[in-house]
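Inspection log for the structure reproduced underneath, given as structure tokens.
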Amino acid sequence: MPDTPSAPVIPLPVATRVSPPDLADSTLLDIDPDPQMSLGVVEVETRDDITYKTVELPGGGSRELKYDIMRPATDEPLPLVVYLPGGAFLRCNKVMAFDLRRHVAESGFVVASVEYRVAPDGATYQDTIHDVRAAVAHLRLHADEFGIDPSAVAVWGESAGGHVAALTGTTNGLAEFAEGADPSPQGQVQAVIDGFGSSQLSAIADDFDEETQLHYRREPTHFSAYLGKPGALLSDIPDAVRAADPATYATASAPPFLLLHGTADVMVSPSQTQHVHQALLTAGADSTRYVLDGANHGDVAFLGLVGSGLPWSSATTMGIITDFLHRHLDRADASAQDRRAVPDSGK
């Protein structure tokens, strides 16, 4: 079943040049894609298409929002990792990143890949965060059924999903971003992973060539609809841009963050994750950012760049992710195999 059948096909600008990154507060990694992450070492159980919420859509009709679960075949309650797919806020397909999710599950976590509403659903960024919090609360409610430790929940997103994950983390406890305006702990999270996510949408092309920057300055994009201002130029709606920016809500009480970006990302400027990282550090929060030398916007084989996903599925990169999850979700019994060597954070 398509994730968002009504999603229009809108060509997204692809940069032809990316400026060198600012590494003053981040760590540059030269990732060797060999070896790749392990798969199939641990038996994994799966349950798919679990409905957590039904939403009404503009113009009538409704949509069931669902998640897929995978976890190691064990009776032990495990920390929960909620995966948020990307899709430029135009689509959200919960089957994405299957191998990455399986690796994390094999490392000792329950992993739920969650659908959330996007622009073609008539949704704004607030609707999306409401959906994520509803999913987290639903998973906690069914913790015994799925073998979840409800005290330990992380969100992990890539691209648009990274933006959603970061915004979920920085708005913990804020009523306007809570499902049903109830900022209870049931929808809050204890750790955040943001993989090459956007943040300040008016600056999404700041590291790119002039032609790509001009496109975003002169052309209305679907991002404006996601901000609740369809047809507007991003430069004309600064208040909306700021309201949807995870950095706006950064405080010392934010959960620990791990941010990752590639130096060769042609879809989202690498400075977008740095923007959130700097806001968190300034506020006194725990934030670590890695920049992968030569890596693109995840796996962008659809651009003809075969092998572009290998730095992201490498043993090193996935080791950084699982180590972060183990440390911040209190997995004291993590095995040595899961705790691969991780470079210094360079906060």
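So in the chain, what percent of DSSP beta bridges are antiparallel if you round to the nearest 5?
Of the beta bridges lying entirely in the chain, close to 35 percent run antiparallel.
Antiparallel as a % of all DSSP beta bridges within region 64-150, to the nearest 5?
45
Can you tell me the order of 278-285, 91-98 when each peptide is scored by its average per-residue count of other Cβ atoms within 10 angstrom, highest first?
Highest to lowest by the protection proxy: 91-98, 278-285.
Could you tell me which residue out of 153, 28, 55 lies farthest along the dipole of the chain toward its positive end? Charges go on the beta carbon: Lys and Arg +1, Asp and Glu -1, centred on the Cα centre.
55
Please get the size of the charge dipole for region 27-328, origin at its Cα centre, with Cβ charges of +1 on Lys and Arg and -1 on Asp and Glu, quoted in debye to the nearest 20.
The calculated dipole for region 27-328 is roughly 520 debye.
Say we join alpha carbon atoms closer than 10 Å with springs in a Gaussian network model of the chain; which of 188, 126, 213 then has the biggest fluctuation?
The residue that fluctuates most here is 213.
Using the Karplus equation 6.51 cos²θ - 1.76 cosθ + 1.60 (θ = phi - 60°), what ³J(HN,Hα) coupling, rounded to whole Hz, does each residue of region 208-216 give in order, writing x for Gly and Pro?
9, 5, 4, 4, 5, 4, 5, 4, 5
Collect residues whose amide H, placed 1.01 Å from N in the peptide plane, falls under 5 Å from the amide H of residue 262; neighbours closer than 5 in sequence don't count.
Close amide H contacts, sequence-distant or interchain: 292.
Check which residues have an amide H placed less than 5 Å from residue 89's amide H, if you skip close sequence neighbours.
Amide H neighbours of residue 89, under 5 Å, 5+ apart: 160.
In percent, how large is the relative contact order of region 92-204, given Cα pairs closer than 8 Å and 6 or more residues apart?
25 percent.
If the chain between residue 98 and residue 303 were fully stretched, how many nm would it gain, using 0.36 nm times the residue separation less the Cα-Cα distance?
71.8 nm
How large is ³J(HN,Hα), in whole Hz, for each residue of region 48-58 in order, when computed from phi with the Karplus curve 6.51 cos²θ - 1.76 cosθ + 1.60 and θ = phi - 60°, using x for Gly and Pro?
10, 6, 8, 6, 10, 6, 10, 10, 7, 9, x
Nearest 500 deg cm²/dmol is fine: what mean residue ellipticity at 222 nm does the chain get from its DSSP H runs of n ≥ 4 alone, each adding -39,500 (n - 2.57), divided by its residue count?
Result for the chain: -7500 deg cm²/dmol, rounded to the nearest 500.
Grab the chain and count how many Lys pairs have their alpha-carbon atoms under 26 Å apart, sequence gap of 8 or more, or different chains.
Within the chain, the lysine pair count is 4.
Near the amide H of residue 81, under 5 Å away, which other amide H atoms are found, from residues 5 or more places off or on another chain, if H is placed in the peptide plane?
110, 111, 112, 154
Using +1 at the Cβ of each Lys and Arg and -1 at the Cβ of each Asp and Glu in the chain, identify which of 246, 278, 321 lies farthest towards the dipole's positive end.
Going by the charge dipole, the pick is 246.
Suppose a student asked you for the relative contact order of the chain, using Cα pairs under 8 Å spaced at least 6 residues apart; what percent would you report?
The normalised contact order for the chain reaches 20 percent.
Taken together, the values in this text are just the output of simple stated rules run on the coordinates, not laboratory data. Keep in mind it's a predicted model, so treat the numbers as computed, not measured. Note that each Cβ is placed from the backbone with ideal geometry, even for glycine, and that neighbours are counted across all protein chains shown.
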